[in-house]
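Take a look at the structure set out below.
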Amino acid sequence: MSKEKLIIFDTTLRDGEQSPGASMTPEEKLRIAKALEKMKVDIIEAGFPVSSEGDFLAVQGIARAVKNSVVCGLARANDLDINRAGEALKDANAARIHTFIATSPLHMRDKLQMTPDQVFEQAIKAVKLARNFTDNVEFSPEDAGRSDLDFLCRVIEAVINAGATTINIPDTVGYNLPQQYGETIRQLIERVPNSHKAIFSTHCHNDLGMAVANSLAGVMNGARQVECSINGLGERAGNAALEEIVMAVRTRQDMLPCDVGLDTTQIMTCSKLVSGITGFAVQPNKAIVGANAFAHESGIHQDGVLKSRETYEIMRAQDVGLSSNKIVLGKLSGRSAFKARLETLNVAIDSEEELNKAFRRFKDLADKKSEIFDEDIHALVSDFKMEETFAECIKLISMKACSETGEVPQSTVTLLFDEEEKTAHATGGGLVDATFKAIEEIVASDTNLQLYSVSNVTQGTDSLGEVAVRLEKAGRIVNGQGSDTDIAIASAKAYINALNKLIAPMDRIHPQTYEGV
């Protein structure tokens, strides 16, 4: 007997973007949306159209470009938000409007300053208005995890009667425990008379580290949609991680009453793309997509895996887009072998020109290190695609950095800036500090460095180093990324990548200006 389908609703581009510093441009959002579509995500929440002109254009662009996933826009329960979402989504092949209003006593009293009856009427009005644009309407009672169950039942029954087809139950502040959250879903489905006319959904935050556990508890109790994000990106401690939800469902089919329709081999590519664009590095021990997720160092574990993979691996690395053999290419490898490896890794290359650029980067890297790993290839492609997302007003021409015991570190940088080569020399507390100061002598951006993060892509002293920086100027925050076997050069690339974004026209304000579920 075939199992029920679990709908995967990805909110990386909306709630994920509400992570401090994770704001994305329309072009970056579109890249991620296309990757999610390739992974066969059912619903892509593309953004919050009313929040800014940039976000409106991003949702509109995704609605026009994506054909095989439903494209969703978020809207508060008011006319302005819903009309704006409807306008952004009008060209979508399949559209959904997701409207919400808070239902917890705390939120109604202190944030909305509305009575329960006013919230009740506003929820109905919002759903009816959204139905003018699409028959696919989702309603969320924000902070449902701390709402009165009787009031929730009353609101949910009314919005289903008004035309809502999906009812999402947000644990907005990550307050619930799995048994409690699962019981809430069960009771709502049992007590709401018309619950059979809607799909119930989970939306869990990770403040207590239970977003995935709560989501799965909801599924076990009747929810058939899960809202989640790549790498668990989201406000505060984040959302339920899509990759963990999907692989838990796939791996534990003996326990779960439903299955997903995703192409899980795209998981690693999506994870890498989101990490690169947002500048949020994935911790090595992160489930499913962390560098150590399929690594075995203990001799006992290694012996067991060599004898039978299942002894210490409950899923295959290939199922999430990794290769069982990571050392596959070197400096003698040709273009065909490189192209074949990209295809095996599900790394999208859009044109022959792009392939040629990627291959040149690969050969340059192969001259620096003897063994090229799958992770190196992911980083290499992500690095040059990041560069091509923006017109490069600033380009790194050359760099010389020097550090000696007892001497002040110094760096000399030559950039192509304003179509002219300019060179600057600076000293600093370290090579990176000196390099950033030299770049600033040329560019004079007057930015504030909010984050500087370094991570190794693979093991070994010749590993590619990935650097993420976050710059802020006048309230605008941008992320930059760069990779190289030399950390000082990778740092310069990341800083310049962020500066190029900063120079680009400002097309959105940060989404945290507006509240969400």
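Read-outs throughout are calculated quantities, based only on the coordinates presented, and are distinct from any laboratory measurement. Predicted, not measured: the structure shown is a model, and the values here were computed from it. A quick note on method: Cβ atoms are made from the backbone with ideal geometry, for glycine too, and the neighbour counts reach across all protein chains shown.
Once you keep just the Cα pairs under 8 angstrom separated by 6 or more residues, what percentage relative contact order results for the chain?
Worked out over the chain, it gives 13 percent.
Exposed loop sites here are trypsin sites (Lys or Arg not before Pro) in DSSP loop states with at most 12 other C-beta atoms within 10 Å. What is the longest stretch of the chain lacking them?
253-517
Mind checking the alpha-carbon convex hull of the stretch 121-180 and giving the volume per residue in Å³?
84
Do any of Lys5/Lys128; Lys38/Lys128; Lys29/Lys67; Lys363/Lys422 go past 21 Å between their Cα atoms, and which?
As for pairs spanning more than 21 Å Cα to Cα, those are Lys5/Lys128; Lys38/Lys128; Lys363/Lys422.
By what distance, in whole Å, do the Cα atoms of the chain stretch along each of the three principal axes, largest value first?
73, 58, 45
Using only the alpha-carbon atoms, what does the stretch 1-127 span along each of its principal axes? Please give whole angstrom values in decreasing order.
In descending order, the Cα extents are 46, 44, 29 Å.
Which listed residue (Gly86, Ala237, Gly276) has the Cα farthest towards the positive end of the charge dipole for the chain, taking +1 on Lys and Arg C-beta and -1 on Asp and Glu C-beta about the Cα centre?
Final value for the positive-end residue is Gly86.
In cubic angstrom, how much convex hull volume per residue do the alpha carbon atoms of the stretch 4-278 span?
For the stretch 4-278, the hull spanned by Cα atoms encloses 110 Å³ per residue.
Which is farthest toward the positive dipole end of the chain among Phe9, Pro257, Ser351, measuring Cα position about the Cα centre, with Cβ charges +1 (Lys, Arg) and -1 (Asp, Glu)?
Checking the options against the dipole of the chain, the answer is Pro257.
If a/c stays under 1.5 just call it rounded; otherwise compare a/b with b/c (prolate if a/b is bigger, oblate if not). Do that for the stretch 45-92, with a ≥ b ≥ c from the square roots of the Cα gyration tensor eigenvalues.
prolate
Counting each pair of different Cα atoms once, what's the Kirkwood radius of the stretch 443-498 in Å, rounded to one decimal?
Over the stretch 443-498, the inverse of the mean reciprocal pair distance is 11.5 Å.
What does the charge dipole of the chain about its Cα centre add up to, to the nearest 20 debye, if the Cβ of each Lys and Arg holds +1 and the Cβ of each Asp and Glu holds -1?
980
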